[in-house]
Amino acid sequence: MTEIEARHFKELYKKQIVNDQLRANLSKATLQAVDSRGESFKEVDFEFLRKQAKMIREESVSHLNQLLSQFEDHARENGCKIFYAETPEKARAYVLDVAMKNNVNLIVKSKSMVTEEIELVPFLSGKGIETVETDLGEYIVQLAKEKPSHITTPAIHKSRTEIAQLFHDKIGTEMNNDPKFLTAEARRVLREKFLSANMGISGANFLIAETGDAVIVENEGNARLSTSSTDIHVVVTGIEKVIPKFSDLRIFMRLLARSSTGQKLTSYVSVLRGPRREEEKDGPREVHIVLVDNGRSSLLGTEHQEVLNCIRCGACLNVCPVYRNIGGHAYGSVYPGPIGSLVTPMYFGEKNAPDLPFASSLCGNCTEVCPVGIEIHHQLLSLRNEIVAAKKSRIERFLFKNYRKTMLRPGRYRMMGRFARMFSKSALVRRMMKQWTDYRDLPEFPSQSFREMYKSGKLN
Amino acid sequence: MEDDREKIFAAIRRGLRKDQHSDTERDGRSPLNTPLFADFQMRFEKFSDELVKLGGEAYVFSDYQGISDFLLEHITDDAGVFLYDEIREKYDRALSELKSTRAYKLSTDFENGYDKRDVAAFGSAILPCAACIAETGTIVLRNNMRLPAALATRLFVITEPARLIASLDELFTEKFRDAGGSNLFLVTGPSRTADIEKELVTGVHGPKEVYVIFHKE
Ligand code: SF4
């Protein structure tokens, strides 16, 4: 198992939580996203859409084998090459192979969480193939040699001044922190990359079983260029992205952008059906679709199956009080926030993220906004249960067993109450409880129990 | 290279062995709270409202002169114009002045393929569309060249009122599913980003300006 930073969550979040600038940026950005989301749902019936979306996603995941093979057949008929990868290593090796066979030296890439998950860009760059992130937010974090801190707004943690300094240092622009200026500079540099690149990589928001289409949703136009301006287009996505029908898009298109950025629809939606046709004058000549498992299939049939319904809108991050205070980097995973606290231990192993399911106040805001109706906070709770059950020490097991017995027997309860009152003030006990009392007070025990006070008439 | 298809399918079958529910009954109702836009005028108003909110513009012209004047007024640079041949055929009368005063290329000039730098050099692209959607102010493109609409600074679409459909419910149907071609592109306003402190900036990669013209005969 590859080690990921999420192992060190406890150290990471402590560093982030004291960063006032970060918290101010996050607060501004997430509150704005929450407001726009609310506004954008006024025109449609959210509950109707959510119910339909949940049903369709449940159908998709519970029929995954049928739908995947249907998708695969149609995508092949459309001229695509399909490759299934159980592990990140396999997926990376395939993409590298395609690039090498075609003498590719420059790749333009649009935003894709799965490529982050399998660490594709550092891998390809390490093999000497320049791979440029073309989404503005991703480009910023790539220049800064950082990781994205939000699923849909990767550079949400950076202020305009930090970005201006970064552009000045890395691409030689003048020091000007106007977002319009910075965006125009990025356009200039990246346009040249699009015109010189010989391969494009993208993710996919949905795969349609009945047509073999890959659907990509975006605002900037970089995904359109990454998928259309080179001879080879490689889609890297998860096996769970499949949905049954083209007509199901009427539900998801109305939910995804509203949940994510508060838009009715993103600026661009590309529904791609394989390589260019004979009568078409541009578009890729080769389209490869890499379907990554990386732990997803192991969730099927478990109580965590519904996590696979996620459409990665990012709404649960924007409303999460924990995320708003510590930001994405604290999670040490490409998937931050409530959904990240679920999928990180699931895809990367519980040992890699033992604390993430505990990084939640269980307030349920996430569940309330989730457009596909995932019971996120219940899932977090059940994951906590599993982690605690698996790692309980002998002492803990002994203590919990006795706690249970105590709660079931009144005589024993009285006796334990007496012990607690007797020893709660002892310095030794307080030292033993140090971890707990670091952040909260150990309550004072009264000198008598309720029953004793009642009997002595003190309560009258 | 051998892929992991069999392994993954075996894992899926193992996981799904437990009884899972059957097919979902779709509810075909529209999720829109207000009734659909019945006639062209109502649809156009909604379409225009949505597009204007995003920074685009929509117009109805009933004469060729109107279209011609509009294009001349908005295409002021000398970066060149890309014209779809289908547009030239239908709107030649509206384009004659433009063609005599601006450098332009037709899609048929690229019959044998082209270098993407040639298309990137155009300032404006004038295209036909498969549909427009009133609900969201969206243009639906299904053309045999993908790049002009993605690379030009200014995007013009000229179309007829019959192509303006009410909602996304009408788009995601068999008609558009089975229309052929390798791509269906939905364009909703100018290209935009809010990646820097959530401040909205248009024209990050694609067109900065989007105009839709309905020609009502
Ligand atoms: S869990 Fe729900 S709210 Fe969170 S990213 Fe996934 S779909 Fe969106």
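None of the figures in this text is laboratory data; all of them are computed from the coordinates on show. Keep in mind that what you see is a predicted model, and the values were worked out from it rather than measured. For neighbour counting, all protein chains shown are included, and Cβ atoms are generated from backbone atoms with ideal geometry for every residue, glycine included.
Full extension from A:V388 to A:K14: what is 0.36 nm times the residue separation minus their Cα-Cα distance, to one decimal in nm?
Working: separation 374, 0.36 × 374 = 134.64 nm, distance 2.27 nm.
Gain on extension, A:V388 to A:K14, equals 132.4 nm.
Restricting to Cα pairs below 8 Å that are 6+ residues apart, what does the relative contact order work out to for chain A? Please round to a whole percent.
On the way: 737 pairs, mean separation 102.8, N = 460.
Relative contact order here is 22 percent.
Within chain A, what's the longest run with no trypsin sites (Lys or Arg not before Pro) in a DSSP loop and at most 10 other beta-carbon atoms within 10 Å? Give the range, please. Provide the component values of the computation, followed by the final result.
Values: sites that count: A:K145, A:R440, A:K458.
In short, A:146-439.
Using Cα centres only, tell me the gap between segment A:239-311 and segment A:145-173 in whole Å.
About 27 Å separates the Cα centre of segment A:239-311 from the one of segment A:145-173.
Which whole number gives the average count of other chain Cβ atoms within 10 Å of the Cβ atoms across peptide A:61-68?
5
Given a Förster distance of 51 Å, report the FRET efficiency between B:V60 and B:E6 from their Cβ-Cβ distance, rounded to the nearest 0.05.
Numbers: r = 58 Å, r/R0 = 1.13.
Efficiency at R0 = 51 Å is approximately 0.30.
Could you give the longest part of chain B that holds none of the trypsin sites (Lys or Arg not before Pro) found in DSSP loops with at most 15 neighbouring Cβ atoms within 10 Å? Working shown, then result.
Working: sites that count: B:R17, B:K18, B:R29, B:K216.
With a cap of 15 other Cβ atoms within 10 Å, the longest stretch comes to B:30-215.
Modelled label-to-label distance, B:E45 and A:N325, 7 Å Cα→beta-carbon offset: nm?
4.9
Put a dot 7 Å past each Cα toward the Cβ at A:K101 and B:D109; how far apart are the dots in nm?
Modelled inter-label distance: 3.7 nm.
Along the charge dipole of the protein assembly as shown, pointing to its positive end and built from +1/-1 on Cβ of Lys, Arg, Asp and Glu, which listed residue (A:S226, A:L362, A:S62) has its Cα farthest out?
Projecting each Cα onto the dipole axis, the largest value belongs to A:L362.
Note the per residue figure in Å³ for the convex hull of the C-alpha positions in the protein assembly as shown. Working shown, then result.
Working: hull volume 127.6 nm³, N = 677.
For the protein assembly as shown, the hull spanned by Cα atoms encloses 188 Å³ per residue.
In chain A, which cysteines lack any other cysteine Cβ under 4.7 Å from their own?
Cys with no partner Cβ under 4.7 Å: A:C80, A:C310, A:C313, A:C320, A:C363, A:C370.
Rounded to the nearest 10 degrees, what's the angle between the helix A:376-391 long axis and the longest principal axis of chain A, both from Cα atoms, 0 to 90?
The angle comes out at about 60 degrees.
Does anything in segment B:47-82 have its amide N under 12 Å from the 7 Å Cα→Cβ label point of B:S96, and if so which residues?
Taking a point 7 Å out along Cα→Cβ of B:S96, the residues of segment B:47-82 whose backbone N falls under 12 Å are B:64-65.
Between A:K127 and A:E192, what is 0.36 nm times their sequence separation minus the Cα-Cα distance? Round to one decimal in nm. Working shown, then result.
Values: separation 65, 0.36 × 65 = 23.40 nm, distance 2.21 nm.
Length gained, A:K127 through A:E192: 21.2 nm.
Where both partners of a DSSP beta bridge lie in chain B, what percent of those bridges are antiparallel, to the nearest 5? Please report the intermediate quantities before stating the final value.
Values: 8 of 31 bridges.
The antiparallel fraction comes to roughly 25 percent.
Which helices of chain B meet both criteria: a Cα extent of 30 Å or more along the helical axis and a mean Kyte-Doolittle score no lower than -0.5, with helices taken as whole DSSP H segments? Mind dumping the intermediate values first?
Values: long enough: none.
Helices passing the filter in chain B: none found.
Mind checking the angle between helix A:337-348 and chain A's longest principal axis? C-alpha axes, 0 to 90 degrees, to the nearest 10.
Its long axis makes an angle of about 80 degrees.
Write down the radius of gyration of segment A:1-102 and its Dmax, each obtained from C-alpha positions, in Å.
That works out to 21.7, 55 Å for Rg and Dmax.
Count charges around B:T108 for me, please; just the other residues with Cβ under 11 Å from its Cβ, Lys/Arg as +1, Asp/Glu as -1.
Numbers: positive: A:K281, B:R88, B:K105; negative: B:D85, B:E86, B:E89, B:D109, B:E111.
Around B:T108, the charge tally is -2.
Tell me, what is the FRET efficiency for A:L428 and A:E3 to the nearest 0.05, using R0 = 30 angstrom and their Cβ-Cβ distance as r? All intermediate terms of the calculation are to be shown ahead of the outcome.
Values: r = 37 Å, r/R0 = 1.24.
Computed FRET efficiency for A:L428 and A:E3 comes out at 0.20.
Starting from the 7 Å offset along Cα-to-Cβ, what nm value, one decimal, do you get for the label separation of B:D78 and A:N176?
2.5
Could you tally the net charge around A:I376, taking each other residue with its Cβ under 15 Å from the Cβ of A:I376, Lys/Arg +1 and Asp/Glu -1? Display every interim value, and only then the final one.
Details: positive: A:R50, A:K54, A:R57, A:R312, A:R384; negative: A:E303, A:E306, A:E368, A:E375.
Result for the neighbourhood of A:I376: +1.
Shielding of A:213-219 by partners, i.e. mean partner chain Cβ atoms within 10 Å per residue? Intermediate results must be reported in sequence, preceding the final value.
Working: counts 4, 0, 2, 0, 1, 4, 12.
Across A:213-219, the average partner-chain Cβ count within 10 Å equals 3.
By how many degrees, 0 to 90 and rounded to 10, does the Cα axis of helix A:179-196 deviate from the longest principal axis of chain A?
With rounding to tens, the tilt is 50 degrees.
Within the set of other residues whose C-beta is less than 14 Å from the C-beta of B:K7, count the net charge using Lys and Arg as +1 and Asp and Glu as -1.
Values: positive: A:K90, A:R296, B:R5, B:R13, B:R14; negative: A:E86, A:E89, A:D293, B:E2, B:D3, B:D4, B:E6.
With Lys, Arg at +1 and Asp, Glu at -1, the neighbours total -2.
May I ask what percent, to the nearest 5, of DSSP beta bridges between residues of the protein assembly as shown are antiparallel? Write down the numbers at each step before the final one.
Working: 22 of 69 bridges.
Roughly 30 percent of the beta bridges in the protein assembly as shown run antiparallel, per DSSP.
Please give the calculated 222 nm ellipticity per residue for chain A, where each DSSP H segment of at least 4 residues contributes -39500 (n - 2.57) and the sum is spread over every residue; nearest 500 deg cm²/dmol?
Values: 22 runs with 233 residues, N = 460.
That calculation yields -15000 deg cm²/dmol at 222 nm.
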